[in-house]
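The structure appears below as structure tokens.
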Amino acid sequence: MRFDELRRREFITLLGAAAVWPLAARAQQPATPVIGYLDAGAPETSARLAAAFRNGLAEAGYAEGRNVAIEYRWARNEYDRLPEMAADLVRRQVGVIAAVSNIVALAVKATTTTIPIVFIATEDPVKLGFVVSLARPGGNATGINLYTGELTAKRLELLRELVPAATRVAVLVEPGNSESTASTLRDVEAAARGTRLRIQAFNTSSSSDIDAAFAGFVRERPDALLVASSPFFTDRRIQLALLAAVHAPWCRGRRWPARSRSHA
């Protein structure tokens, strides 16, 4: 398992533990508390993350089906469905909503100002408008910042270390996730400014778009590929890895510099 996925699972576990805080505050209510779990991806590809969430709840003494219920909603990367899914959870008067990505948290935050929200953010939650400040979040939202979005420039730096002679970098983005796309391109272009790197963005909104992008890489031969942080790409990580292995003949024969384990 890759380190970033393991770290994400660990933070989802923490999210599960954090989600019980508002439930504990409402413990005096006799009815079984209900958690709303809203994910932009699909249950098939996010099963381990949902399991880590349940583990976090269990560690805090809440077992699904025994003393807590969970209402799951999966957008399957159809982001236009998120507002209605969030509104449905609000209508059901769940005790707390777990928002499992930036785009989900944005939809939930726009839907309710009273139901507690526990979010996962990939960049500064203050900048995203989730909280007023880190020290005093205020409002009805709290959560965890994974910093993956804020590490875009660092990821580009690592690519340059791997391929010192690189001059062209392809960047896979998802236009449907406008916040992630804008942030990724802004950070990549800023990091590339003043270097010899040329950045070319490829918009992808489906698996077939990803196939087409990799076919284009074979023709255009970019020196490296950077994939934006998005639930869409997380769900298609196996497809991306397989395509990178099959449709990247321009990488064959290259001598990659050795890297220490601490940089992996």
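So the values come out like this:
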item: At R0 = 41 Å, FRET efficiency that the Cβ-Cβ distance of ARG196 and ARG136 yields, to 0.05; result: 0.40
item: Karplus-derived HN-Hα couplings along region 204-218 (A = 6.51, B = -1.76, C = 1.60, θ = phi - 60°), whole Hz, x at Gly and Pro; result: 9, 10, 7, 4, 5, 5, 5, 4, 5, 4, 5, 4, x, 4, 4
item: Karplus-derived HN-Hα couplings along region 172-187 (A = 6.51, B = -1.76, C = 1.60, θ = phi - 60°), whole Hz, x at Gly and Pro; result: 8, 10, 10, x, x, 9, 4, 5, 5, 4, 4, 5, 4, 5, 4, 6
item: Relative contact order of region 154-248, defined on C-alpha pairs under 8 angstrom at six or more residues apart (%); result: 38
item: Amide H contacts of ILE70 (H built 1.01 Å from N, under 5 Å, at least 5 apart or other chain); result: ILE35, GLY65
item: Residue-span extension gain [TYR72 to ALA245] - 0.36 nm each, minus C-alpha spacing; result: 58.8 nm
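Laboratory data are not the source of any read-out in this text; all were calculated from the coordinates shown. This structure is a prediction, so every number in the text was calculated from the model and none was measured. For neighbour counting, all protein chains shown are included, and Cβ atoms are generated from backbone atoms with ideal geometry for every residue, glycine included.
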